[in-house]
Amino acid sequence: METANGTAGAATKINAGDAVLRVLEAWGVPRIYGMPGGSFDSMMNAIHNEKDRIDFIQVRHEEGGALAAAAEAKLTGRIGVCFGSSGPGAVHLLNGLYDAREDGVPMLALVGEVPQEFMNIDFFQAMDEEPMFADVAVFNRTATNAQGLPVLVDEAIRRAYKYNGVSVITIPKDLAWADIDDLPVATARNFRKPLPTPPHQDLIEEAVKLIESAKAPLLYFGMGAKGAHDELIEMSEKYKMPLTSTFPGKGIVEDGYPAYLQSAGRVATKTATEAQYMCDLMLWVGSDNPFGSKFVAPYTKIIQIDIDGAKLGKRFQPEVSVAIQADAKLALRAIIEAGSEQEAKPYYRGCLKSKQNWDEWIDSFKNDERTPLRPEPIFNIINEQMEDDDIFIPDVGNVDINFLRLAKIKPSNKWCVSGKHATMGFAVPGALAAKLEYPDSTVYSLSGDGGFAMLSEEILAQLKYHAPVINVVFSNQTLGFIEAEQLDDSHQPLSGVDLPDTDWAKVAEGYGALGFTVRTLDDARKAFAEARKADKASVIDVKLTGERPFDTRYMCFPETCKDPEQIKEFQDRLEAAPLKSLAYWIE
Ligand code: FAD
């Protein structure tokens, strides 16, 4: 018989659901996250039949499954796979699918549907699923025949990889029960990712001229520069450019590198924010940060490198000076080779001193015993224990600010976040995925008490699958990130941000995990040491100060602020007297 992909048939039969699982296996999918439901039973039968080839991870909420699959894709670069049954299961998936879409990672969602005879007649849990997924998906189809079902799933995977996006295949229950001809379907072995685009030499020369003639050149990079660690360092050393990155770009260059100032904005350091405002030329590499141009002065000249031509100039008005459509690594290598070594200019030397001053200020709190605890001593313990392969999954909120500034990681330490979708609840399911994928690494989820409450039930999955994640909850009874927005940005009364005091250690014990309550530095040392040794999931509930983190958008230094009262208030509230502005450090 002739199949949808035109191959000649064979007589042996296979169940259509099993054939779908074989396609996933051929594409190297090791596991699939989801929660069974009636309309997905035929596929659950296949998951049972294929259990020796692909692991089924039973999550306790489909959103947790979708977020775990998204985190897996972010950490590995491989497609993440999740599923939900028709109706509520499908609806629950959506948030995790949006997370994958926003951070541009490949994802496949298999969605259950009632048997065909009950479709479109207002049946129990039946809904028209295609319109619901139309916005989030790059490929979104309902299977219409059993023989074509595995072929459709194969196509869905190709599209997800091609567009770095989400494919959704809706499977009417009866189709996955049917027996079909067992034909070769998966095309994984022939699939190729696009080759890295080389840059045009004339644009490289234009870029070099601008870099060499700038007084204060800076290199800003994002996730598109992930494979370009050595080129970033060489650029910095040859042209004497400080490096800043997007928040997700943390870790591409080691935090300890003296010219890497981390990220600017709100999840930011003082040094990076000031350096970006004061540079006169920014080499912007592999970033699509929606806020990026807000943290650059309007007179700054921009050279942009991006593999996607549609991203060039997107975040700037009216235009960038030199727009280079190319792979970051190739373009940076070409720039390195085309120019000559530069002398360190006052701006570069000032940035290095400013970073040192910032690091010393942060270090001055690292053994602070005051209670409720500050974040610095907690991250100091994490840093002291850190191994090169430790993995971190921060949630969304003030924990991002603290993780960015205080965790001292290297390129070998993997981590990921819900970057653009910025959904709370990412950390616990994300850490489940990380521990399943990298069982020999110590994996931390880092949440506030807001985000932790959202999907902490996935600790049950961590326990079920023997994934001893260390789940840290920084609890201070407030949605701190939003509290700061209400106070500092919109100057409104605090509204709806307070959270009840909760005993998260007891909640953990109720789940069957280890629970630790940390009120003092001593408690913290003991809890982290025990959790690292433990062979099951743990929760460390750190009772944290409610003090707002240093906000780099509202800094007050004598060199930049005229009002002595404001300077004093800033220095007193943040104990920031030892901190000097970048202007102070530039000779
Ligand atoms: P992406 O958006 O994924 O962009 C990557 C770019 O690289 C794309 O344009 C792509 O086309 C390109 N690319 C891909 N491959 C290549 C290649 N080989 N060569 C060249 N180009 C390539 N971030 C901050 O920086 N500051 C903040 O203050 C901040 N606040 C945040 C607050 C919260 C609560 C959260 C959760 C996140 C925050 N973020 C912040 C993160 C921010 O929202 C975005 O996630 C982030 O800026 C996007 O990072 P990116 O540009 O590196 O990655």
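A few notes on this one:
- Residue match in region 384-403 (condition: in contact with a Cys (Cβ under 8 Å, 6 or more places away or on another chain) and in the same structural domain as K226 (by the TED database)): no
- In region 510-539, the residues that are assigned to a helix (DSSP H, G or I) form Cβ pairs under 6 Å with partners that are acidic (D, E), at six or more places apart or across chains, as follows: L521/E369.
- Of all residues in region 276-299 being farther than 10 Å from Y220 by Cβ and without any contact (Cβ under 8 Å) to a residue 40 or more places away in the chain, the one that is nearest to the ligand (Cβ to nearest atom): F291
- Cβ separations smaller than 7 Å between residues 6+ apart or across chains give the following pairs from region 357-378 residues that are touching a residue at least 24 places away in the same chain (Cβ under 8 Å) to residues that are among the acidic types (D, E) and not in a helix (DSSP H, G or I): R374/D368; E376/D368; P377/D368.
- For region 265-316, the candidate set comprises residues that are more than 20 Å from the chain's Cα centre (by Cα) and polar (S, T, N, Q); within that set, the residue that is surrounded by the most Cβ atoms within 10 Å (Cβ to Cβ) is T271.
- Every condition in (1) more than 7 Å from the ligand (Cβ to nearest atom); (2) at pLDDT 95 or above; (3) touching a helix residue (DSSP H, G or I) at 6+ places or on another chain (Cβ under 6 Å) holds for S263 except the one numbered (1).
- Residue match in region 436-444 (condition: of a type in the set (G, A, S) and either in the same structural domain as H92 (by the TED database) or under 16 Å from the mean Cα position of the chain (by Cα) (or both)): no
- Out of G451, G425, G419, one residue alone is in contact (Cβ under 8 Å) with a residue 40 or more places away in the chain, buried (at least 20 other Cβ atoms within 10 Å of the Cβ) and part of a helix (DSSP H, G or I). It is G451.
- Residues that are of a type in the set (S, T, Y) and either assigned to a loop (DSSP other than H, G, I, E, B) or within 16 Å of the ligand (Cβ to nearest atom) (or both) were ranked within region 234-248; the one that is nearest to K420 (Cα to Cα) is T246.
- Restricting region 159-200 to residues that are in contact with a helix residue (DSSP H, G or I) (Cβ under 9 Å, 6 or more places away or on another chain) and charged (D, E, K, R), the residue that is surrounded by the fewest Cβ atoms within 10 Å (Cβ to Cβ) is R189.
- Looking only at region 321-354, and only at residues there that are surrounded by 19 or more Cβ atoms within 10 Å (Cβ to Cβ) and in a loop (DSSP other than H, G, I, E, B), the one that is nearest to the ligand (Cβ to nearest atom): D327
- Looking across region 91-122, the residues that are of a type in the set (G, A, S) and either closer than 21 Å to G38 by Cβ or buried (at least 24 other Cβ atoms within 10 Å of the Cβ) (or both) come down to G96, A100, A109, G112.
- Count of residues meeting criterion [on the phi < 0 side of the Ramachandran plot and free of Cβ contacts under 8 Å to residues at least 12 places away in the same chain] in region 307-349: 4
- For beta carbons closer than 6 Å, sequence separation of 6+ or different chains, a first residue in region 554-576 that is in contact (Cβ under 8 Å) with a residue 40 or more places away in the chain and more than 16 Å from D488 (Cα to Cα) and a second that is part of a helix (DSSP H, G or I) and of a type in the set (G, A, S), there are no qualifying pairs.
- Any hit, region 144-153, residues being of a type in the set (G, A, S) and either surrounded by fewer than 17 Cβ atoms within 10 Å (Cβ to Cβ) or in contact with a Ser or Thr (Cβ under 7 Å, 6 or more places away or on another chain) (or both): no
- Here L332, L373, L352 are screened, and the one residue that is at pLDDT 95 or above and closer than 19 Å to I302 by Cα is L332.
- Among residues of region 469-507, those that are assigned to a loop (DSSP other than H, G, I, E, B) and surrounded by 15 or more Cβ atoms within 10 Å (Cβ to Cβ), counted: 7
The values are calculated or read from the model by the stated rules, or taken from the named source; none is laboratory data. Keep in mind that what you see is a predicted model, and the values were worked out from it rather than measured. Counting neighbours? That spans all protein chains shown, and the Cβs are built from the backbone with ideal geometry, glycine included.
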